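Read-outs throughout are calculated quantities, based only on the coordinates presented, and are distinct from any laboratory measurement. Nothing here was measured: the structure is a model prediction, and the numbers come from that model. So basically every Cβ, Gly included, is an ideal-geometry build from the backbone, and we count neighbours across all protein chains shown.
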Amino acid sequence: MKKVIVIILVLLLITGSLTIAAAAEKKVVSLGANLSDKQREQILDLFGVKESEVEIIEVTNQEERAYLEGLISEDIIGKRAFSSAYVEILDAGEGITVETHNISWVTKEMYANAMVTAGVEDAKVIAAAPFEVSGTAALTGIMKAFEKATGEELSEEAKKTANEELVTTGELGEDIGKDEAAVLIQEIKERIIREKITDPEKIRKIIIEIAADLNINITQEHIDKLADLMERISKLDLSVEKVSQQLQNISKGLEKVRETIEKNKGFFQQILDAIKRFFAWLADVLRG
């Protein structure tokens, strides 16, 4: 009888340990390899976790460079890694949520869009740094932490494309506004995926069409970069249903941006109509 009790206790201990281990795997923190001890503590406090509660991995500048070199300048990439990320796996269907701290160039909408492209699903993500940084490098840590938490590797091509999307959206945002850039990218991406469009010329037409519908002015250079990005995205194994589901939390914020764009569109149309009426009146006066 004593042997039976001992065996049961051992099994309970093993089961408990496995449960704790499984819970820990759902939360992973990636820390920049060049953070000081004080900065590590600062980031963990910001994430609301203790070192004993989560699995911690590090991301080096070399890892960041593997995805960012050739996309952005050396000044932005830098030579040290400080960007960090908290990734918690959520239940299936909950989608992606994103928070940012000390991230100046990349918005949470940009991260979410790029994460979906990379294959990240159902995750709570916090991207942060101990001081203000652009935020481009944080995506590397997010993807690495997600892979560690799920035990599954993301497609290398998808990860490269996601980084290109993040940088392209950021650069576009400098010219047309960050929120507008995020909306434009999402609208184009969903259309390309939904209609399974791979033809370069058709992709270009859709980019021009959606930009016009949103009343967003883009240059030929913008069109070229967006076309290159969308061609790569069109070759990934993405479904519009999955993209919509994963961005359900983010889309609520972008919907307000779309409404603002529509209101502005109506306002500018009113001005244009007023100008047309003025010149029509002026023409009548001159003729009279």
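Expressed as a whole percent, how much of the Cα-Cα distance distribution for segment 124-191 exceeds 19 Å?
44 percent
Taking the number of other C-beta atoms within 10 Å as the exposure measure, put 83, 155 in order starting with the fewest. Numbers along the way, then the final one.
On the way: 83 30, 155 13.
So the residues, fewest neighbours to most, are 155, 83.
When 242, 189 are ordered from fewest to most other Cβ atoms inside 10 Å of their Cβ, what list results? Intermediate values should be presented prior to the final figure.
Details: 242 15, 189 23.
With the sparsest Cβ surroundings first, the list reads 242, 189.
Per residue of segment 219-236, what does 6.51 cos²θ - 1.76 cosθ + 1.60 with θ = phi - 60° give for ³J(HN,Hα)? Whole Hz please, x for Gly and Pro, Karplus curve as stated.
8, 4, 5, 4, 4, 4, 5, 5, 5, 4, 5, 5, 5, 5, 4, 5, 8, 8
Using 0.36 nm times the number of residues separating residue 60 and residue 224, minus their current alpha carbon distance, what extension gain do you get? If you can, show how the numbers build up before the last one.
On the way: separation 164, 0.36 × 164 = 59.04 nm, distance 3.17 nm.
Difference between extended and current length: 55.9 nm.
From a point 7 Å beyond the Cα of residue 45 in the direction of its Cβ, which residues of segment 70-112 have a backbone N at a distance under 16 Å?
Only 102 pass the distance filter.
Which cross-chain or sequence-distant (5 or more) residues have an amide H under 5 Å from the amide H of residue 34, H modelled 1.01 Å from N in plane?
81
Taking 7 Å along the Cα-to-C-beta vector as the label spot, tell me the residue 244-residue 209 distance in nanometres, rounded to one decimal.
1.8 nm
Under the Kirkwood approximation applied to all pairs of distinct alpha-carbon atoms, what is the hydrodynamic radius of segment 69-113 in Å? Before the final figure, lay out the partial values.
Details: mean 1/r = 0.0765 Å⁻¹.
After inverting the pairwise mean of 1/r, the radius is 13.1 Å.
Suppose we keep just the alpha-carbon trace of segment 26-154; what are its Rg and Dmax in angstrom?
Calculated on Cα positions, Rg and Dmax stand at 13.4, 39 Å.
Students often forget the sequence filter, so: which aspartates and glutamates lie under 18 Å Cα-Cα from residue 50 once same-chain residues fewer than 8 apart are removed?
25, 37, 41, 58, 88
Work out from phi, with θ = phi - 60° and the Karplus expression 6.51 cos²θ - 1.76 cosθ + 1.60, the ³J(HN,Hα) of each residue of segment 140-155, listed in order in whole Hz, and give x for Gly and Pro.
Whole-Hz 3J(HN,Hα) from phi for segment 140-155: 4, x, 4, 5, 5, 5, 5, 4, 5, 5, 9, x, 10, 8, 7, 4.
What is the set of long-range amide H partners of residue 58 at a cut-off below 5 Å, with H atoms built 1.01 Å from backbone N?
31
Between Rg and the Kirkwood Rh of segment 182-256, both from Cα atoms, what is the Rg to Rh ratio?
Rg/Rh for segment 182-256 comes to 0.96.
So how do 111, 67 line up by other beta-carbon neighbours within 10 Å, fewest first?
So the residues, fewest neighbours to most, are 67, 111.
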